[in-house]
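None of the figures in this text is laboratory data; all of them are computed from the coordinates on show. This is a predicted model, so every value here is computed, not measured. Virtual Cβ from ideal backbone geometry, glycine too; neighbours counted across all protein chains shown.
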Amino acid sequence: MANVSLRQVRKSFGATEVIHGIDIEIGNGEFAVIVGPSGCGKSTLLRMIAGLEAVTAGEVAIGDRVVNDLEPKERDVAMVFQNYGLYPHMTAFQNISYALRIARRPKAEIRERVERVARILGIEDLLARKPSQLSGGQRQRVAMGRAIIREPDVFLFDEPLSNLDARLRSQMRVEIKRLHDDLKATSIFVTHDQVEAMTMADRLVVMNQGVVEQTGTPRQVYRRPGSTYVASFIGAPAMNLLPATLSGDGGAVEGRGMERIALPHDAGPGRSGRRVMLGIRPEHLAVVPGDGAGLLSARLLYAEDLGASRLLHCSHRRRRVDCPHAGRDRGPPGRYIAPGDGPGKPAPLRCR
Ligand SMILES: Nc1ncnc2c1ncn2[C@@H]1O[C@H](COP(=O)(O)OP(=O)(O)O)[C@@H](O)[C@H]1O
Ligand SMILES: [Mg+2]
C-alpha cells in the first residue's frame, strides 16, 4: 500500500506543454478520481504515474520513493485501460496469469492465484475463452483480473468503463468500488464522466486544460465549486449560472428578471453593486402555483419527461435554466412561482 504524490508535475510534447505544474496528494488506500473533459491531460498524467511517459519537470512519488527514473515494472502499479489491452490470442487464464508466468512463478501457485482472482471477479467459467469470445463487460473483468493478480500498491484506471453500455457501466462502478473496499489498494481512476466521478470518488480531482481546478470530496466539490468551470462541469443537470448584482449588504442578488434572491449566509460578503455569477443547482429551483415577490422569471422552452418527474428546460434572459418538476402535470403556463430563498430551500422561478 502506498500514497501517491505529484509535485509540480509538468509534461511537454515537443514545444507544447500539456500538463502545467500539477500538485496532487493521494492518501494510502484512497480511491481518487481525476475527472475532466477529453484532452485535458488525464491519460498523460496517469501514464506518467505508471512510468509509460517521462515527466518533463517535477516529481512523482509512490510511498516514500521518487519514481521518476524507475521503469514501469519497478513501480508496483497496475493499469487498466479503456480498450482492455488484452492479448487476443491468449485465453482469459493466460491473459490474467501473464505477469506471473513472466516472473516464472510455480505452476501450482499461478493456478491458485488465477482462480482466486477469477472468484473475486465472478469469471471462473470464462477462463478458457479468448477475448473474442467474451462480451465487453467480461473483457473488462479479465483486464481487471490481470491487474489485481499482481497485487500492486497502486491501481491506475484509464476510463475503463467508457466502452460499456450504460447499464453495465453502473454495475461495474459498484463492482470496482466493492473490490476497492476488499483490496484497499490506493486507486486512481480517470474519467470524463462526472457521474462516474461523483459516485466513485473518495477524493475528486477536477482537471481542466492541464491544471487542477479543484480537489475535495465529491460533496465538497458539489456544494462548493471553486470556479464556474467546476460548477458547470460537476452535476447533472448542470448548475444554472446567471449574471446578477449584489445588493444591500451583499446578502442578496438582483438582476433583470430577478427580484432580490437572498444568498446563503456562508456565500461570503461582497460590495453592494458588484457583478457576480449566481449559481443555483436545478434541484434548488422549484416551480409551484402562486404569486409573490423574489422571483426569477424564465420562459419554458421544453419539458422533458423523465418518468418519475419532469425536467423543465427554461430560458432566463437568453441563459439556460433547468429545473426539475415533480410529477407529470405541468398545468397551465404562467402560473408557476417557487417559494423560499434560503440555503437548502428552493429558489424562486416563475415560468412564462
Ligand atoms: N504522444 C503525444 N504527442 C503529442 N501530444 C500528445 C501526446 N499524447 C497526448 N497529447 C496531447 O496532450 C493533451 C492531453 O491528452 P490526454 O492526456 O490524452 O488527454 P485526456 O486523457 O484527458 O483526454 C492533448 O492535447 C493531446 O493531444
Ligand atoms: Mg484519455
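Points to keep in mind about this one:
- Members of segment 62-73 found to be more than 23 Å from the chain's Cα centre (by Cα) and either in a loop (DSSP other than H, G, I, E, B) or within 16 Å of N3 (Cα to Cα) (or both), listed by number: G63, D64, R65, V66, V67, N68, D69, L70, E71
- Within segment 175-195, if we keep just the residues that are within 16 Å of ligand 1 (Cβ to nearest atom) and closer than 13 Å to I26 by Cβ, the residue that is farthest from the chain's Cα centre (by Cα) turns out to be I188.
- Pairing residues of segment 44-60 that are touching a residue at least 24 places away in the same chain (Cβ under 8 Å) and in a strand (DSSP E or B) with residues that are near ligand 1 (Cβ under 10 Å from one of its atoms) and of a type in the set (S, T, Y), at Cβ distances under 9 Å and at least 6 apart in sequence or on separate chains, gives A57/S12.
Condition check ((1) of a type in the set (S, T, N, Q); (2) within 17 Å of D153 (Cα to Cα); (3) within 16 Å of ligand 2 (Cβ to nearest atom)) across all residues:
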site: M48; (1), (2), (3): no, yes, yes
site: D76; (1), (2), (3): no, yes, no
site: N95; (1), (2), (3): yes, no, no
site: R111; (1), (2), (3): no, no, no
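- Failed item, numbered, when G29 is tested on (1) in contact with a strand residue (DSSP E or B) (Cβ under 8 Å, 6 or more places away or on another chain); (2) within 15 Å of ligand 1 (Cβ to nearest atom); (3) touching a residue at least 60 places away in the same chain (Cβ under 8 Å): (2)
- When segment 106-157 is filtered for residues that are part of a loop (DSSP other than H, G, I, E, B) and under 24 Å from the mean Cα position of the chain (by Cα), the ones remaining, listed by number, are P152, D153.
- Candidates D64, D76, D23, D69 - the one that is more than 15 Å from ligand 1 (Cβ to nearest atom) and surrounded by 17 or more Cβ atoms within 10 Å (Cβ to Cβ): D76
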